[in-house]
Amino acid sequence: MTNAVKTSTKIVIIDDHRLFREGVKRILDMEDGLEVVAEGDDGEEALDLVQKHNPDVVLMDINMPNVNGVEATRNLIEQSPDTKVIILSIHDDETYVTHAVKTGAAGYLLKEMDADSLIDAVKVVASGGAYIHPKVTHNLVNEYRRLATQGRKNSGQIGYKEVEYRKPLHILTRRECEVLQLLTDGKSNRSIGEELYISEKTVKNHVSNILQKMNVNDRTQAVVEAIKKGWVKVR
């Protein structure tokens, strides 16, 4: 009987700031199961590197000379649809992440991320999920709420009434309700753990349970659905 060979998740980093790129590479290469196979500093170069190395995930800076990250992502996905792209950006405005996701990116990370968020994002996206930086998720939620309010007012409804807040105790535990609320507040797993005095691993388990029980694919979908149903407070 032969043992299956465990393969690493292959990663390409595209960013025109060499020091930042080296820092990201160092973090990823220290994690078991992750391997940076190539680096580049331009969206044009990204296409050649993907064709040569066939990576699972590409970390793509959004602002680069010649070919920017969004355009490069569009071209890359057309050329290699199985490769997942995570956009790296300094912009937390919801318009940037919406545009990136529409282009085909599976993730959006702010460059202020910590090492754990970077590793989590790569693993989630490599396994077929989506990952959006918690701070950006919070901005998306607020924008969704603004548009929903505006839509109701424009449709002729007078005196827009807030959805009644009620905890989803029929499907989630009290602790999972607390975690869901903190996800809505834009907290990272580490911040949630510190606030609730539980380990980051326990937070990850709670988040996985929440996604499964709510039948959604990622934290952003969970937060949006929770707002629609009045399960959380947007504060």
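The values are calculated or read from the model by the stated rules, or taken from the named source; none is laboratory data. These numbers were taken from a predicted model, which means no experiment stands behind them. When we count neighbours, we look across all protein chains shown, and the Cβ atoms used for this are built from the backbone with ideal geometry, even at glycine. Keep in mind that these areas ignore ligands, DNA and RNA; they rest on the heavy atoms of the full protein, side chains included. Shrake-Rupley method; radii C 1.70, N 1.55, O 1.52, S 1.80 Å.
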Okay, helices (runs of 4 or more DSSP H) sitting entirely in the stretch 38-120 with 3 or more residues that are within 12 Å of residue 133 (Cβ to Cβ), I get 94-103
Of (1) over 25 Å from residue 110 (Cβ atoms); (2) surrounded by fewer than 19 Cβ atoms within 10 Å (Cβ to Cβ), residue 221 fails just (1)
Kindly list, by first and then second residue, each pair from a residue in the stretch 184-209 that is open to solvent by 60 Å² or more (accessible area, probe 1.4 Å) to a residue that is among the aliphatic types (A, V, I, L, M) and part of a helix (DSSP H, G or I), limited to pairs with Cβ atoms under 6 Å and residues at least 6 apart or on different chains.
-> none
If we scan the stretch 101-118, do we find a residue that is at pLDDT 90 or above, open to solvent by 20 Å² or more (accessible area, probe 1.4 Å) and in contact with a Ser or Thr (Cβ under 8 Å, 6 or more places away or on another chain)?
-> yes
Count - residues of the stretch 179-235 that are in contact with a Pro (Cβ under 9 Å, 6 or more places away or on another chain), of a type in the set (A, V, I, L, M, F, W, C), part of a helix (DSSP H, G or I) and farther than 18 Å from residue 120 by Cβ = 2
Looking at the stretch 3-10, is at least one residue assigned to a loop (DSSP other than H, G, I, E, B), touching a Lys or Arg at 6+ places or on another chain (Cβ under 9 Å) and in contact (Cβ under 8 Å) with a residue 12 or more places away in the chain?
-> no
Residue 177 passes all but one of the listed conditions (1) at pLDDT 60 or above; (2) open to solvent by 30 Å² or more (accessible area, probe 1.4 Å); (3) in contact with a Lys or Arg (Cβ under 9 Å, 6 or more places away or on another chain); the exception is number (2)
Hey, any hits in the stretch 29-48 for a residue that's out of contact with any strand residue (DSSP E or B) (no Cβ under 9 Å at 6 or more places or on another chain), at negative phi and among the aliphatic types (A, V, I, L, M)?
-> yes
